[in-house]
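These notes are about the structure you will find just below.
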Amino acid sequence: MKEITEAQASLVENAFAEDTRSGLFRRLSISTKYYRQTQKWISSRKTALRTLDALHLACCFGAGMEIVICDEVLETSAAVLGVPCRFVADMEAN
């Protein structure tokens, strides 16, 4: 994996701060229901989900939100579990 430069890291940090201020992201308090859904999905062994990926999907699923991702394994898992998602291709691949 390639490391990013300090300048690139600053751009990412500033873009994230601006997106947060603009309301692009929705922040949720993580309740017990999300942890239970995460455990259910991991225990089902239907996907190759990692724990935090499963928690992200469970939060979106429980809140009725679409998740925007660039991870193909996560995209496949979301489809299997019925979580609405939008796949964003890796920008460097273009």
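We did not get these values from a lab; they are worked out from the coordinates using the rules stated. All values reported here derive from a predicted model rather than from experimental measurement. Positions of Cβ are generated from backbone atoms using ideal geometry, with glycine treated the same way; all protein chains shown enter the neighbour counts.
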Legend entry - Within-13-Å neighbourhood charge of A9 [Cβ basis; K, R +1; D, E -1]: -2
Legend entry - For q = 0.11, 0.18 Å⁻¹, Debye-computed log10 I/I(0) when each Cα of the chain counts as one equal scatterer: -0.40, -0.94
Inset, instruction - Calculate, for A17 and K40, the FRET efficiency according to 1/(1 + (r/R0)^6) with r their C-beta to C-beta distance and R0 41 Å; round to the nearest 0.05. - result: 0.75
Inset, instruction - Along Cα→Cβ, 7 Å out, is where each label goes; now give me the distance between the ones at V68 and L52 in nm to one decimal. - result: 2.0 nm
Legend entry - the range 45-86 pair-distance distribution - Cα-Cα, 10 Å bins, rounded %: 33, 63, 4
Legend entry - Helix-only mean residue ellipticity at 222 nm for the chain, each DSSP H run of n ≥ 4 adding -39500 (n - 2.57), per residue, nearest 500: -18000 deg cm²/dmol
